[in-house]
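Participant: Provided herewith is a single structure, encoded as structure tokens, for subsequent inquiry.
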Amino acid sequence: MNRVMIVTGGSRGIGAAISKMAVTEGYSVAINYHTRADAAVNLVREIHDQGGSAVAIKADISDPNQVKALFEQVKSEFGTPSVLVNNAGITGKICRFDEVDPETMNKVIGINTLGALYCSQEAVKLMSTEYGGKGGSIVTVSSIAARLGSPGEYVWYAASKAAVDAMTVGLAKEVGGEGIRVNAVSPGIIDTDIHASGGEPGRVDRIAPVIPLKRAGTAQEIANAVLWLCSDQASYCNGTILDCSGGR
Ligand code: NAP
């Protein structure tokens, strides 16, 4: 099978760790980003310097037309993808649910939920044996927020992640017989810029004491789980939502 992986939001944080690890495992990686071209270009340069194969592709995954264009570009650069990692995500600013504005909820659901749905739909059309494809794997980066609910922080974000868990379960059943395994990884608190973007740069330090392992996770620890789920080592995992949260 063509070892081509698309990582949405593959330019920073967890996505960057997934992109780098995928290259070391022999994938050509399409690194999708939205606004921070600098981060994406620097990561591609680093990968090329080490002899790896990667390309940066700008697309807002909350826009279905840009998602179609993203998949077209991947096909023309590397051929048909065999793995989609739905990783791009945002939280919106931390606040009580009754204070969040509709624009924030719209944006979070648009990127986290609709973005994952749009990308997965394009992936199924290319990978499914029903469409003449060779199969493949879809892994979505969800969150344990889906079951904790994130009260007082971002209930709307938790809802956006519960939706992708449902997509994982349903799509796994729908396309498992068409050569596509569909799984998810649910991180707990991981040390990336997402917390500062949500307005609380010190969130990792605040929450670490209540995590059974007493620390935040690293982006690499999530990449390990994602790369395992899309590998042949996980060939009987389908519809699995793997918590990677230090026991929280
Ligand atoms: P991050 O460091 O803030 O990186 C977010 C990535 O998503 C960036 O590459 C960003 O690209 C991209 N992105 C944002 N909006 C996009 C859009 N509309 N279209 C395409 N790409 C977009 O976040 P992270 O912490 O690595 O989080 C990655 C995933 O893990 C998210 O789904 C998040 O919900 C999930 N997660 C994170 C944690 C945690 O504690 N960090 C915990 C649970 C789950 P630009 O830089 O170009 O904007």
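The values are calculated or read from the model by the stated rules, or taken from the named source; none is laboratory data. From a predicted model like this one, the values you see are computed outputs, not experimental measurements. Heads up, the Cβs are rebuilt from the backbone with ideal geometry, glycines too, and the neighbour counts pull from every protein chain shown. All accessible areas refer to the heavy atoms of the entire protein, side chains included, with ligands and DNA or RNA removed. Shrake-Rupley method; radii C 1.70, N 1.55, O 1.52, S 1.80 Å.
Participant: For a test of the definition: using alpha carbon positions, the gyration tensor, and the 1.5 limit on a/c, classify the range 8-47 as rounded, prolate or oblate.
Facilitator: prolate
Participant: Accessible area of the range 122-232 with a 1.4 Å probe: how many percent of it is carbon plus sulfur?
Facilitator: 55
Participant: Quick one: Cα convex hull volume of the chain, Å³ per residue?
Facilitator: Spelled out: Cα convex hull of the chain, divided by residues, is 115 Å³.
Participant: For the peptides 106-116, 179-189, what is the packing order when you average, over each peptide's residues, the other Cβ atoms within 10 Å and list the highest mean first?
Facilitator: Descending packing order for the listed peptides: 179-189, 106-116.
Participant: Right, here's the next one. Magnitude of the Cβ-charge dipole of the range 4-244, K/R +1 and D/E -1, about the Cα centre, nearest 20 debye?
Facilitator: Details: 20 positive and 25 negative charges, 38 e Å.
Using only the charged Cβ atoms, the result is roughly 180 debye.
Participant: Let me ask you something else. Just going by the charge dipole of the range 4-244, with Lys and Arg at +1 and Asp and Glu at -1 on Cβ, which of Val226, Gly110, Gly92 is farthest out on the positive end?
Facilitator: Of the candidates, Val226 comes out farthest on the positive side.
Participant: Just the number please: accessible area per residue for the chain, 1.4 Å probe, all protein chains included, in Å².
Facilitator: Numbers: 11070 Å² over 248 residues.
With the other protein chains kept in place, the chain gives 45 Å² per residue.
Participant: Cα axis of helix 219-229 to longest principal axis of the chain: angle in degrees, 0 to 90, nearest 10?
Facilitator: Here the helix axis deviates by roughly 40 degrees.
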